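Peer 1: Questions regarding the structure given below will be posed in turn.
Just so it is clear, none of the values below were taken in a lab; they were calculated from the coordinates. Model, not experiment: these values are computed from the prediction. As a convention, Cβ positions derive from the backbone with ideal geometry for all residues, glycine included, and neighbour counts pool all protein chains shown.
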Ligand SMILES: Cc1cc2nc3c(=O)[nH]c(=O)nc-3n(C[C@H](O)[C@H](O)[C@H](O)COP(=O)(O)OP(=O)(O)OC[C@H]3O[C@@H](n4cnc5c(N)ncnc54)[C@H](O)[C@@H]3O)c2cc1C
C-alpha cells in the first residue's frame, strides 16, 4: 500500500521490498506502468521476474506479452473478486472520523490472533492500534459476503479451470475437515502448479514447507472460485449508491452498515464443533 493507502503494484528487487507486498489487500490494485516494466525486465535486463496478482491481472500480463518467457513465473491467487478503490477510501475516511485520527495503515487480516479473517488491524497516524473482529467491520463483511465487487468480477472468465498463471495460491479452509491432523491455528495455504514451469519452481522450494498432497477436486470443494465466479447478490444493487455524492461516514452508514448482522456475530463466536453440528443438521456441506 502506498502512503495514501492506495493499493498499487510495485517492483521489488530486495527481500525488504517484498515484505511490503505481503498481506492480502481486498481492493483492486493500481497497475499503472507495471506491464511495460515487466516486459522491460524480461527482455532488456534478462532478469528473473515473479509477477503476482489477481487471475485477470495475470491473464492481462500474458496477453500484453504475447508469449511466455523462461525467466517469468506468474503467480495468481484464488480470487473472490475485488471492491472499488473509491469504496475503500471512503471506508478509511469513516474510520478516521470514528477514531478521531487519520488512519495510517490498514491490514485486512492481522495474524496476531491467528489465521483467516479473524481480525483486521487499523493503525492511526498517532500509532494507536485497533484490532477489530471482522463481524464489526462493515467493509470486510461486505467483501466476505461477495456484495461489493466490481461488476466484472461476477462475470469473471478467469475464475475457471483454464489458468493463465504458473502457480495459484489460496487459503485452504477445508484443512480442518479433511486433514484435521494438519490443522494449525497459524493457517494453511493451498498451492497449485498450473504449468511445467510452475511445477519445477514449486519442486525447487517445496522442501521449505510442511505439506500434504490433495486432489484437485478436494481443493475445489472448499474453493469454488477456482472454477466459477461468485454469484451477484441483489445487495450489489445498493452497495455503491451514493458513493460519489455522500460524505464518507454517511456513505458507509447508509450503504455498508446494513450488512453487519447478528447472525454473523453469533456464527463467529460459535465453537467449531457446534457450528459443524448445525451445518450437518441443516444438510449443508
Ligand atoms: C482480492 C483478493 C481476493 C481473494 N480471494 C480469495 C478466495 O476467494 N479464496 C482463497 O482461497 N484465497 C483468496 N485470496 C488469496 C488469499 O487472501 C491469500 O492471498 C493467499 O492465501 C496467499 O496468502 P499469503 O499470506 O501466502 O500471501 P499474501 O501476503 O496474501 O499475498 C499474495 C500475493 O498477492 C498480492 N496481492 C495482495 N493483494 C492484492 C491485490 N489487491 N491485487 C493484486 N495482488 C495482490 C501480494 O502482493 C502477494 O504477492 C484472495 C486475495 C485477494 C487479494
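Peer 1: For a protection proxy built on the mean count of beta-carbon atoms within 10 angstrom, sort 231-238, 140-147, 82-89 highest first, please.
Peer 2: By packing density, highest mean first, the sequence is 140-147, 82-89, 231-238.
Peer 1: So what's the gap between the Cα centers of region 101-149 and region 172-212, to the nearest angstrom?
Peer 2: 26
Peer 1: From the square roots a ≥ b ≥ c of the eigenvalues of the alpha-carbon gyration tensor of the chain, which class results: rounded (a/c under 1.5), prolate (a/b over b/c), or oblate?
Peer 2: Judged from the Cα gyration tensor, the chain comes out oblate (a/c at least 1.5, b/c at or above a/b).
Peer 1: Let a ≥ b ≥ c be the square roots of the eigenvalues of the Cα gyration tensor of region 1-56; is it rounded (a/c under 1.5), or, if not, prolate (a/b larger than b/c) or oblate?
Peer 2: Prolate, because a/c is 1.5 or more and a/b exceeds b/c.
Peer 1: Sort 177, 151, 67 so the one with the fewest other Cβ atoms within 10 Å of its own Cβ comes first.
Peer 2: In increasing order of surrounding Cβ atoms, one gets 67, 151, 177.
Peer 1: Of the beta bridges DSSP finds with both residues in region 47-166, what % are antiparallel, to the nearest 5?
Peer 2: Percentage antiparallel, nearest 5: 65.
Peer 1: When the helix-only estimate is applied to the chain (DSSP H runs of n ≥ 4, each -39,500 (n - 2.57), divided by the residue count), what is the mean residue ellipticity at 222 nm, nearest 500 deg cm²/dmol?
Peer 2: -9000 deg cm²/dmol
Peer 1: Let me ask something additional. For region 117-273, what number results from the quotient of the Cα radius of gyration and 2.2 N^0.38 Å?
Peer 2: Against the compact-globule rule of thumb, the ratio is 1.26.
Peer 1: Based only on other Cβ atoms within 10 Å, what is the fewest-to-most ordering of 31, 121?
Peer 2: 31, 121
Peer 1: Where both partners of a DSSP beta bridge lie in the chain, what percent of those bridges are antiparallel, to the nearest 5?
Peer 2: Taking every DSSP beta bridge with both residues in the chain, the antiparallel ones total about 60 percent.
Peer 1: Take the Cβ-Cβ distance between residue 261 and residue 209 as r, set R0 to 30 Å, and report the resulting FRET efficiency rounded to the nearest 0.05.
Peer 2: Given R0 = 30 Å and the Cβ-Cβ separation, E is 0.25.
Peer 1: Between 96, 249, 36, which gets the highest mean-square fluctuation from a Gaussian network model of the chain, Cα cutoff 10 Å?
Peer 2: Judging by the Gaussian network model, the answer is 36.
Peer 1: A further question on this structure: Which order do peptides 130-139, 18-27, 105-114 fall in by mean Cβ count within 10 Å, highest first?
Peer 2: 130-139, 105-114, 18-27
Peer 1: Counting other beta carbons within 10 Å of each Cβ, put 168, 13 in order, fewest first.
Peer 2: Fewest to most other Cβ atoms nearby, the residues stand as 13, 168.
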